[in-house]
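> Have a look at the structure that comes next, please.
Bear in mind that the values in this text are calculations on the coordinates, not laboratory data. All of these numbers come straight from a predicted model, not from anything done at the bench. Here the Cβ positions follow ideal geometry from the backbone for every residue, glycine too, while neighbour counts run over all protein chains shown.
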Amino acid sequence: MEKLAVFGGRPVRKEKIFYGRQWIDENDIAAVTKVLRSDFLTGGPEVGVFEKKLCDYVESKYAVAVSSGTAALHCACMAAGIEPGDEVIVSAITFMPSANCVLYCGATPVFADLDPETFNIDPESIRKCITPKTKAIIAVDLGGQPVNIREIRKICDEFNLIFIEDAAHSLGSSYDGKKVGTLADMTCMSFHPVKTITSAEGGAVTTNNREYYDRLLLVHNHGMTKNKELMIENADEGPWRVEQQMLGYNYRLSDVQCALLTSQMNRLDYFVTRRKELAARYDGAFSGIKELSVQKQIDEADTCCHIYLIRLNERYLSCTRREFYDAMSAENVQCHVQYLPVYLHPYYKKLGYKPGLCPIAEDIYEGILTIPLYPKMTNQDADDVIHAIKKVVEYYRK
Ligand SMILES: *Cc1c(COP(=O)(O)O)cnc(C)c1O
């Protein structure tokens, strides 16, 4: 047995590898510098170019580029008309903005539990969360795998709910052959550097619904319209007239960032292909190891493999997740844990949420680790990760 680096052995690799990172190439840099030399840094033509490209890719009618994935979620909630008194059902394990956006609207997030194998929101749990106050569902495509679209759509139709998909992880994924972007009523994306494509900060909402689109346009730009046809008063006052019609925000994305995204979109399919190759390498290596399991993929889903989750099986391991994580770090493989169930954050506990609310999510959380996966990784990098995992598993095998 190899001596673990955490106990003074030799690490499997010299350089630390992290769980995710962007890939910017010279074309991306050229696209950005071109905008920097142009007339418009924001509010110019690049925004529309990117939105059109995103629409074409996901085959949606409309897209609105916004300043972050969090802004996308907030805009979607506003467009859905979420208000104080409303309840919105949210996946228990997600990054907190999936639920914070509900609080921004003065409404109440209600956390639904997860499927123990796919780690995605469980439609049965959604049903149990529904009350007369329920207005929408925010379902998160954890790790890139689309949620159970068919069942969630059925529930939304039955109870007249708005379906918002948090697709921060899943640009490039599809369900039943249809790209993520039109599966829900509104789809929210993030372009943070660890996501499939990046603009440093950035996000977008896609939809096929004209009404939502019009409201998204208002919300992300001060609740303001320049469109004469949409004006409530004095449309002919003069060409300068802009009109604020609701309370909105400045959630615009700049031309500099949109140009970067348009350039990144050229490699989106390649990024996804490469992520899948690496994930397949992991799948093959981990298939016989009973000390860990991986996220189950449903037949309908084709995932972009945003993050690769392993779940430690404590029955067969003599270490804690923390010890496993520390041992991996010492091997120079930096894992991560995504995510603490939202309602276990101190802020949510202060609001009255209690541990035990979603027992399956809490159980999943205790054992999961995110291992490195990003398109710029080499096969050797992936093999180092596999080597480190096998080494640590072997050491702690019961
Ligand atoms: C990244 C992320 C967000 C928020 O995106 P930002 O662009 O960082 O604001 C929301 N939900 C999930 C699941 C995410 O991973």
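> Test of understanding: given the chain, find the longest segment containing no chymotrypsin sites (Phe, Trp or Tyr not before Pro) that are in a DSSP loop and have at most 15 other Cβ atoms within 10 Å.
Counting only loop sites that pass the neighbour cut-off, the longest clear stretch is 41-239.
> Moving on. Taking every pair of distinct Cα atoms and averaging 1/r, then inverting, what Kirkwood hydrodynamic radius in Å comes out for region 202-267?
13.6 Å
> Next up: Convex hull over the Cα atoms of region 355-398, averaged projected area in nm²?
With the hull built on Cα positions only, its mean projection is 4.7 nm².
> Could you tell me what percent of the DSSP beta bridges with both partners in the chain are antiparallel, to the nearest 5?
Given both bridge residues lie in the chain, the antiparallel proportion sits at roughly 60 percent.
> Name the lysines eligible as straight-distance cross-link partners of Lys135: C-alpha to C-alpha under 26 Å, and not fewer than 8 places from it in the same chain.
Within the straight-line cut-off, Lys135 pairs with Lys61, Lys154, Lys178, Lys179, Lys349, Lys350, Lys354.
> If I model the chain as equal point scatterers sitting on the Cα atoms and use the Debye formula, what is log10 I(q)/I(0) at q = 0.10, 0.13, 0.14 Å⁻¹?
-0.68, -1.10, -1.23
> Right, something else. What does the helix-only formula give at 222 nm for the chain: each DSSP H stretch with n ≥ 4 adding -39500 (n - 2.57), the total divided by the residues, and the result rounded to the nearest 500 deg cm²/dmol?
Working: 13 runs with 144 residues, N = 398.
Estimated from H runs of four or more residues: -11000 deg cm²/dmol.
> Hey, rough spin-label estimate for Lys376 and Phe7, points 7 angstrom out along Cα→Cβ, what's it come to in nanometres?
3.6 nm
> Based only on the alpha carbon positions, what is the Kirkwood hydrodynamic radius of region 90-131, in angstrom?
For region 90-131, the Kirkwood estimate is 10.8 Å.
> Sticking with this structure for a sec: Can you list the lysines whose alpha carbon sits under 24 Å from that of Lys390, skipping same-chain ones fewer than 8 residues off?
Those lysines meeting the cut-off are Lys3, Lys14, Lys16, Lys276, Lys290, Lys296, Lys376, Lys398.
> Using the Cα centre of the chain as the reference point, and only Cβ charges (+1 on K/R, -1 on D/E), how large is the resulting charge dipole? Debye, rounded to the nearest 20.
For this selection, approximately 1040 debye.
> Also, I was wondering about something else. Using a cut-off of 10 Å between beta-carbons, work out the net charge of the residues near Ala382 (Lys and Arg +1, Asp and Glu -1, Ala382 not included).
-3
> Which pairs in the list Lys52/Lys128; Lys52/Lys228; Lys52/Lys226; Lys53/Lys128 are over 29 Å apart, alpha-carbon to alpha-carbon?
Lys52/Lys128; Lys53/Lys128
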